[in-house]
Amino acid sequence: MKWDVQKIKDIKQKEFGNFIEIDFSYNAQLYVLRINESDGTFIPAFAFHQGFDICNFCEGAGVYCSVLSKKRNEIFQHVVQENNIRFYWLYKEVKIQ
Ligand SMILES: [Zn+2]
C-alpha cells in the first residue's frame, strides 16, 4: 500500500508514567505510536497494531509493525501537529533516532 502521512486520522494521545501512546488510524486500521520518555527527553520508539487481523503494510498479524516503526519519526512529526495535542508537544525535548 502506498504510504501518505496525510491519511493518518483519529489521532488521540494517552499519557502514562514514562511513555506516551498516540493512537491513530490509517485506512480504517488502528495503530499506536509508542514514545518513550527518559529524563525529560521523548524518543519515538516503535509502532504497533491494535486489534485487527492483517496489517496492510507489513502483512503481519503480530503486535509490532515493522513497516510503520521505520516511519516512526515521520509519523511523530505529523501527529503532534494535531490541534488537541500540539500544545503538549510545543516545548518538549524530542530526540529523533
Ligand atoms: Zn503492520
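Read the figures in this text as sums done on the coordinates, not as results from a lab. Keep in mind the model is a prediction, meaning the values are calculated, not measured. Cβ sites come from the backbone with ideal geometry, for glycine too, and all protein chains shown count toward neighbours.
Computed across segment 5-94, the Kirkwood radius stands at 13.2 Å (inverse of mean 1/r, all Cα pairs). When exposed loop sites are taken as trypsin sites (Lys or Arg not before Pro) in a DSSP loop with at most 13 other Cβ atoms within 10 Å, the longest stretch of the chain clear of them is 3-91. A crude spin-label estimate for the pair residue 67 and residue 15, with each label 7 Å from Cα along the Cβ direction, gives 3.3 nm.
For segment 1-95, the set of chymotrypsin sites (Phe, Trp or Tyr not before Pro) satisfying both a DSSP loop assignment and a count of at most 16 other C-beta atoms within 10 Å is given as 3, 16, 52, 91.
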